[in-house]
Every structure is written in structure tokens, then in C-alpha cells.
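Single-structure report; data block below.
The values are calculated or read from the model by the stated rules, or taken from the named source; none is laboratory data. These numbers were taken from a predicted model, which means no experiment stands behind them. Positions of Cβ are backbone-derived with ideal geometry, glycine not excepted, and every protein chain shown enters the neighbour counts. Just so you know, the surface numbers come from the protein's heavy atoms only, side chains and all, with ligands and any DNA or RNA stripped out. Shrake-Rupley method; radii C 1.70, N 1.55, O 1.52, S 1.80 Å.
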Amino acid sequence: MSPTPKSPSSRKKDDSFLGKLGGTLARRKKAKEVSELQEEGINAINLPLSPSHYELDPEDTMLEENEVRTMVDPNSKNDRKLQELMKVLIDWINDVLVGERIIVKDLAEDLYDGQVLQKLFEKLEGEKLNVAEVTQSEIAQKQKLQTVLERINDSLKLSTRNIRWNVDSVHAKSIVAILHLLVALSQHFRAPIRLPDHVSIQVVVVQVKRDAFDTLFDHAPDKLNVVKKTLITFVNKHLNKLNLEVSELDTQFADGVYLVLLMGLLEGYFVPLYNFFLTPENFDQKVHNVSFSFELMQDGGLERPKPRPEDIVNCDLKSTLRVLYNLFSRYRNVD
């Protein structure tokens with residue numbers, strides 16, 4: 001007995017059912033892919049935070065985030081013996097340089113660029129250094145300071161471990177480094193001064209730690225691409241609701257417009273157009289937009305982003321990724 005042919009209406013119902021089933025399966029597959037991509041992105045970010053097999057010396061990197069600075073504890077600045085030591089050294093320098101029409105009032109402010117150190121050493125050593133007399137740019141100042149300090153170190157004949165100063169610390173106006181240097185000079189050249197005994201300075205060592213994005217950029221470019229793909233998927237999931245789409249994270253968020261719109265989408269409100277520049281025409285308007293988006297993030301319960309608005313406007317990818325990843329961490333499960 002042959003099967004009874006299905007009526008067009010029943011075939012239509014089956015087709016409709018299969019279409020819905022196929023659509024449901026496709027959506028589930030898509031959701032699974034997005035979920036897996038999100039997980040991969042999270043793992044790529046978290047992995048660099050685990051213990052590293054290598055150590056980075058702050059002096060070997062140009063990254064400002066990993067710079068180490070030694071500063072005097074504010075409570076020590078008014079210490080009587082410290083004040084006495086600085087006064088004795090200032091008076092000594094001014095006595096030595098009396099014929100140069102140089103008057104030192106503040107050790108850090110007056111010695112950091114190498115000009116006074118050059119004149120002081122020339123007088124003490126009795127030799128002329130081959131350096132530029134006046135330097136304005138930071139690069140030129142550091143080059144001059146490098147030459148002056150190298151000559152001073154040669155004259156003092158100290159071992160490397162006993163040298164408590166370098167170009168960066170002196171140029172950064174570290175009073176600790178400058179005091180070590182001046183005391184060493186005064187003792188080596190037997191200055192006719194009496195240094196106070198038992199001067200102690202409480203110092204605070206400050207280091208801005210590298211974060212996961214520093215490590216990703218320097219050592220894991222493959223994982224960086226995973227993170228970028230994850231974040232692009234995340235932002236487009238929401239921006240697509242406004243028929244917007246991004247492909248370049250560093251440039252397309254630089255004017256702040258997408259950041260503002262994204263915050264409205266994530267928090268579920270309409271951002272009045274008079275609050276920001278929809279088509280910013282200059283740098284200041286873009287900075288306004290990014291700053292406004294940061295305020296919206298804080299209103300949503302997030303901490304203020306660490307990057308400066310200017311960094312985003314200047315298309316700094318690392319700063320943009322930091323901001324977007326914070327949003328992703330908070331809102332990744334928002335539909």
C-alpha cells in the first residue's frame with residue numbers, strides 16, 4: 001500500500017518546523033561559538049598574570065608602567081639633620097662656584113639637568129669637560145648628564161655597587177640620588193665642610209606594575225589577536241543594534257562616539273545627543289566624548305578607567321583594549 005501523499009498544508013507545517021529547528025540550531029551554534037571565543041579571550045588575558053619564566057629589569061624597558069622611582073617619605077623631608085645636610089651642601093656648591101655667578105637654592109631643581117654638576121666638577125677637578133654649555137631638550141640634557149656623570153664616576157673610582165645614582169635618577173630630581181652624589185664628591189675632593197652625622201632618610205620605593213596587556217604586547221602577540229577578536233565580537237554584538245560595526249579597535253573608538261553609544265546600549269538607556277559630539281571635529285571634542293564615556297562607566301558602577309582620555313584619542317591600542325576589556329568583564333553576559 002503506497003503512503004498517502006501529504007497535503008501542501010502539512011508539508012508547509014513540516015517545512016516551517018524544520019526551518020525553525022534549523023534556525024534554533026544555528027543560533028545555538030552561534031551562541032556556542034561566541035561563548036567559546038569569550039572563554040578563549042578571558043584565558044588569553046588571565047594567562048600572562050600567572051608567574052612568568054623571565055624577569056624584566058625596569059632599566060631594560062622603555063615602558064613607563066614598569067618604572068621604579070625612589071622618593072623621600074614626606075615625613076622625612078622636615079628632618080632636622082636632613083635639612084642641615086642639604087644646607088651644608090648648597091653653601092659648599094655656592095662657595096665653589098662663586099666666580100661662575102651661579103647660585104644654587106634647591107639641589108633637585110638646580111642640579112638635575114647637569115649644568116651645575118658640570119661647572120662644579122670642572123672647578124673641583126680643574127679640567128674642562130667637552131659638553132654643550134646650554135641644553136634645553138630632555139634628550140640633550142640626558143646626553144650631557146651622561147657625559148658628566150661618567151667623568152665623575154671615573155674620578156671617584158667607586159665600584160659599581162657603590163654608585164647610588166644614574167642619569168635617570170638625577171634627571172628625575174631624586175634627592176636621594178643627588179645627595180649620595182654630592183656627599184661622594186665632597187668627601188673625594190676633601191671639601192672644607194662638616195657633614196652632619198647619622199643622617200637618615202625614609203624613602204618610599206614606587207613601582208607601577210605591568211599588567212596583562214603589557215605582557216601580551218611584548219611576549220604573546222598570538223594571544224593578543226585572540227583578545228582583540230573577542231572584544232570586537234563583544235562590541236559588535238551591541239553596536240549592531242544601531243547598525244554600527246567596528247573592525248579596528250584603536251581607530252574606531254578614538255573619537256569617543258562609539259564608547260558613549262556602547263555605554264548606553266550596555267546600560268539600556270538613550271544618551272541625549274546634546275551630551276556629546278556625534279561628529280567631533282577636533283581633538284578637544286574627541287577628548288570630551290571619551291571623558292563623558294568614562295563618566296557613564298563610573299555611573300554604571302565601574303571604576304574610572306586608568307588610561308587618560310587623550311590616550312584613547314591618540315589611538316593608543318593598549319589603552320583602548322584596557323577600557324574595552326573592563327566593559328567586557330562587566331557586561332559580557334548582557335544581551
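Out of Phe270, Phe294, Phe277, report the one residue that is out of contact with any strand residue (DSSP E or B) (no Cβ under 7 Å at 6 or more places or on another chain), without any contact (Cβ under 8 Å) to a residue 40 or more places away in the chain, among the aromatic types (Phe, Trp, Tyr) and surrounded by fewer than 17 Cβ atoms within 10 Å (Cβ to Cβ).
Numbers: Phe294 fails: surrounded by fewer than 17 Cβ atoms within 10 Å (Cβ to Cβ); Phe277 fails: surrounded by fewer than 17 Cβ atoms within 10 Å (Cβ to Cβ).
Going through Phe270, Phe294, Phe277 in turn, the sole match is Phe270.
Yes or no, residue by residue, for (1) surrounded by 16 or more Cβ atoms within 10 Å (Cβ to Cβ); (2) acidic (Asp, Glu); (3) in contact with a helix residue (DSSP H, G or I) (Cβ under 6 Å, 6 or more places away or on another chain):
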site: Leu185; (1), (2), (3): yes, no, no
site: Val199; (1), (2), (3): yes, no, yes
site: Thr215; (1), (2), (3): yes, no, yes
site: Glu248; (1), (2), (3): no, yes, no
site: Asp255; (1), (2), (3): yes, yes, yes
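Evaluated against (1) without any contact (Cβ under 8 Å) to a residue 24 or more places away in the chain; (2) open to solvent by 30 Å² or more (accessible area, probe 1.4 Å); (3) aliphatic (A, V, I, L, M), Val104 falls short on exactly one condition, (2). Applying the criterion of being farther than 18 Å from Asp316 by Cα and open to solvent by 60 Å² or more (accessible area, probe 1.4 Å) to the residues of region 220-246, the residue that is nearest to the chain's Cα centre (by Cα) is Lys223.
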